[in-house]
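Peer 1: Got a structure here, written out as structure tokens. Questions coming.
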Amino acid sequence: MIRIAICIALILIPVLITGACIDKGETEQNTRQEGEIMLPEPRTAGEISIEEAMLHRRSVRRYTKEAITLNDLSQLLWAAQGITSEEGFRTAPSAGALYPLEVYVVAGNVDGLSDGVYRYRAEGHTLQRIRDGDLRKNLSECALKQTQITDAAVDIVFAAVFKRTTTKYGERGVGYAYIEAGHAAQNVYLQAEASGLGVCAVGAFYEQEVSELLALSHDETPIYILTVGNV
Ligand SMILES: Cc1cc2nc3c(=O)[nH]c(=O)nc-3n(C[C@H](O)[C@H](O)[C@H](O)COP(=O)(O)O)c2cc1C
């Protein structure tokens with residue numbers, strides 16, 4: 001009798017342990033997927049020429065209340081820092097291909113995306129949720145109460161991790177990060193023009209306040225905001 005019980009136990013224990021491991025694995029995977037939002041595949045052809053986009057581009061500070069789509073947002077983020085080669089090169093140039101920019105989204109009116117703060121992950125073209133809730137007005141408060149920040153469907157914030165470039169280029173690397181934000185921002189301006197959206201660059205804001213609002217890490221400095229909405 002005892003022998004039979006031992007045999008049953010020897011058979012059952014590994015099965016139970018394996019089952020527990022599979023359950024844990026699945027749970028961890030689900031958690032990862034919950035925090036990470038897949039963005040729609042960006043398109044690589046459009047309806048207007050680059051010349052038309054440059055001709056008509058303007059800083060637009062008034063938006064309709066119509067939401068932008070997740071496709072629109074995907075396209076804008078791809079234009080800013082999307083990966084376009086197997087080696088990892090991106091839509092915007094970068095000194096030494098060191099990519100010091102991190103891109104954050106303060107979403108308040110995007111179809112199919114909960115209001116909140118997200119980090120764009122170029123690898124995989126996904127969004128990582130950082131904070132819940134509509135923080136557009138709070139962001140505007142950090143930027144002299146500029147109303148286009150509150151009225152925009154999304155505010156895109158570029159943060160720089162200066163050490164990525166200063167390690168190689170010394171103090172000059174700081175300037176490089178600002179130059180790169182300019183490249184990325186112009187891409188967003190032109191993409192928005194091609195998508196029928198309006199953009200306004202915002203440089204007037206208090207760094208420390210924006211850092212706290214977006215829960216940036218100590219090595220990230222917010223350097224540029226782009227407000228985007230329907231026109
Ligand atoms: C570095 C930089 C910072 C800017 N900061 C602001 C800003 O804080 N608020 C704003 O309304 N516009 C801002 N702008 C937008 C400029 O006012 C705008 O580009 C300029 O008036 C020219 O108009 P255009 O972009 O329509 O050609 C900024 C532009 C740049 C390049």
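Peer 1: Do we have any residue at all in the stretch 154-175 that's at pLDDT 95 or above, of a type in the set (Ser, Thr, Tyr) and either within 16 Å of the ligand (Cβ to nearest atom) or closer than 22 Å to residue 75 by Cα (or both)? Full working, then the answer.
Peer 2: Step one: filter the stretch 154-175 for residues at pLDDT 95 or above, giving 154-175.
Keeping just the survivors that are of a type in the set (Ser, Thr, Tyr) gives 165-167, 169.
Still in the list and also either within 16 Å of the ligand (Cβ to nearest atom) or closer than 22 Å to residue 75 by Cα (or both): none.
Scanning the stretch 154-175, I find no residue that is at pLDDT 95 or above, of a type in the set (Ser, Thr, Tyr) and either within 16 Å of the ligand (Cβ to nearest atom) or closer than 22 Å to residue 75 by Cα (or both), so the answer is no.
Peer 1: How many residues, within the stretch 188-203, are within 14 Å of the ligand (Cβ to nearest atom), outside any strand (DSSP E or B) and buried (at least 16 other Cβ atoms within 10 Å of the Cβ)?
Peer 2: Here the count works out to 5.
Peer 1: Please determine whether any residue of the stretch 91-102 is free of Cβ contacts under 8 Å to residues at least 60 places away in the same chain, crowded, with 17+ Cβ neighbours inside 10 Å and either within 14 Å of the chain's Cα centre (by Cα) or outside the structural domain of residue 126 (by TED's automatic domain parsing) (or both). Steps first, please.
Peer 2: Step one: filter the stretch 91-102 for residues free of Cβ contacts under 8 Å to residues at least 60 places away in the same chain, giving 97.
Within this subset, residues satisfying the condition of being crowded, with 17+ Cβ neighbours inside 10 Å are none.
No, the stretch 91-102 has no match at all.
Peer 1: What is the one condition in (1) within 21 Å of the chain's Cα centre (by Cα); (2) not polar (S, T, N, Q); (3) not in a helix (DSSP H, G or I) that residue 149 does not satisfy?
Peer 2: Result: residue 149 passes all but (3).
Peer 1: Same structure, new question: Looking at (1) more than 16 Å from the ligand (Cβ to nearest atom); (2) over 22 Å from residue 67 (Cα atoms); (3) without any contact (Cβ under 8 Å) to a residue 40 or more places away in the chain; (4) acidic (Asp, Glu), find the lone condition where residue 207 falls short.
Peer 2: That leaves (1) as the condition not met.
Peer 1: Report, by residue number, each residue of the stretch 40-65 that is within 16 Å of the ligand (Cβ to nearest atom), among the small types (Gly, Ala, Ser) and not in a helix (DSSP H, G or I).
Peer 2: Correct list: 59 only.
Peer 1: From the set of residues in the stretch 154-201 that are touching a helix residue (DSSP H, G or I) at 6+ places or on another chain (Cβ under 9 Å) and of a type in the set (Asp, Glu), which is nearest to residue 109 (Cα to Cα)?
Peer 2: Among them, the one singled out is 155.
Peer 1: Failed condition for residue 140, given (1) buried (at least 19 other Cβ atoms within 10 Å of the Cβ); (2) over 21 Å from residue 217 (Cα atoms), with all others met?
Peer 2: (2)
Peer 1: While we're looking at this one, here's another question. For the stretch 163-175, does any single residue satisfy the condition of being under 19 Å from the mean Cα position of the chain (by Cα) and of a type in the set (A, V, I, L, M)?
Peer 2: Filtering the stretch 163-175 for residues under 19 Å from the mean Cα position of the chain (by Cα) gives 164.
Going one step further and asking which of them are of a type in the set (A, V, I, L, M), we end up with none.
There is no residue in the stretch 163-175 that is under 19 Å from the mean Cα position of the chain (by Cα) and of a type in the set (A, V, I, L, M).
Peer 1: Let me ask another. Scan the stretch 95-146 for residues that are in contact with a helix residue (DSSP H, G or I) (Cβ under 7 Å, 6 or more places away or on another chain) and part of a helix (DSSP H, G or I) and report the count.
Peer 2: 7
The values are calculated or read from the model by the stated rules, or taken from the named source; none is laboratory data. Computed from a predicted structure; not experimentally measured. Virtual Cβ from ideal backbone geometry, glycine too; neighbours counted across all protein chains shown.
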